[in-house]
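Just so it is clear, none of the values below were taken in a lab; they were calculated from the coordinates. Treat the numbers as computed from the prediction; the structure is a model and nothing was measured. Here the Cβ positions follow ideal geometry from the backbone for every residue, glycine too, while neighbour counts run over all protein chains shown.
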Amino acid sequence: MNKIMRMIPLGIVLLALAGCSEKDLRQAYEIVSASVDEVPLTNSEVVAALKDSLSRGISKGAVSASAKNGYYANPRLKIEFPTEVRKVEKALRKVGLGKDVDRFVMQLNRSAEKAAIKSKPIFIKAITSMTIRDAFDILNGADDAATQYLVRTTGDDLRKEFLPIVSDTLQQTSATRYYGDIVNKYNQLPLVDDVDPDLEAYATDRAIAGLFVLIADEEASIRDNPAARTTELLRRVFGSLD
């Protein structure tokens, strides 16, 4: 019946229903509505919707993270003292150098904030290469399937592109110098083992991880909150999961 209804021009349907009772009209409306709802999603619709939602999430996340205090004031994103040298922080605070540590942490986050906005084209490049299979796997996958797709497809290439940006911003904000001063002061303390972790790699990984946190938030919002689906295409594609 549904297939037949889709083949009948709307004008003919309206003429045929002109003399029907209210009950008949309601039944006919339900049939037509069901036939429309059952039209399967096309490949192009799914791919377009996923690219749109990812692009929106990336744009919003990059803008949020790159704002002043985007990392520093966000407990979920804030880049703390490197875990492997946390003992350095504790030791320096004990000898009255807490302000040096705090200044370094703030500048470390400033470097991530300055670099964040420049990550957008790297993510967009990964989105444009999305295949039909990728799109359907994301649509029907876990709640963070789109975010994990970006994690997989950017990977080492993203870090390779992002590292020079982070390195430059670390230099611009003097975070590298602050860190060098802190480590040197720690290494001069008696009875401690010297430390010298890779600050640029650490900051790069933490900055990227923070962006993925924000992208995952946007993905969850679009999947779970119909009000966040701001286009008809997003409503149709993600509505199919409700």
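Extension gain for residue 177-residue 59 works out to 39.3 nm (0.36 nm per residue, less the C-alpha to C-alpha distance).
A Cα-only calculation for the stretch 43-239 places Rg and Dmax at 19.6, 66 Å. Each peptide among 105-112, 205-212 gets the average number of other Cβ atoms lying within 10 Å of its residues, and from highest to lowest they stand as 105-112, 205-212. Between 82, 72, 54, whose Cα lies farthest towards the positive end of the dipole of the stretch 43-239 when Lys and Arg beta carbons carry +1 and Asp and Glu beta carbons carry -1, centred on the Cα centre? Comparing the listed Cα positions along the dipole, 72 ranks first.
Residues 132, 79, 122, ranked from the fewest to the most other C-beta atoms within 10 Å, line up as 132, 122, 79. In plain terms, the residue of 159, 56, 133 with the fewest other Cβ atoms within 10 Å comes first and the most crowded comes last, giving 133, 159, 56. The count of lysine pairs in the stretch 48-193 with alpha-carbon distances below 18 Å, taking only pairs 8 or more places apart or on different chains, stands at 25.
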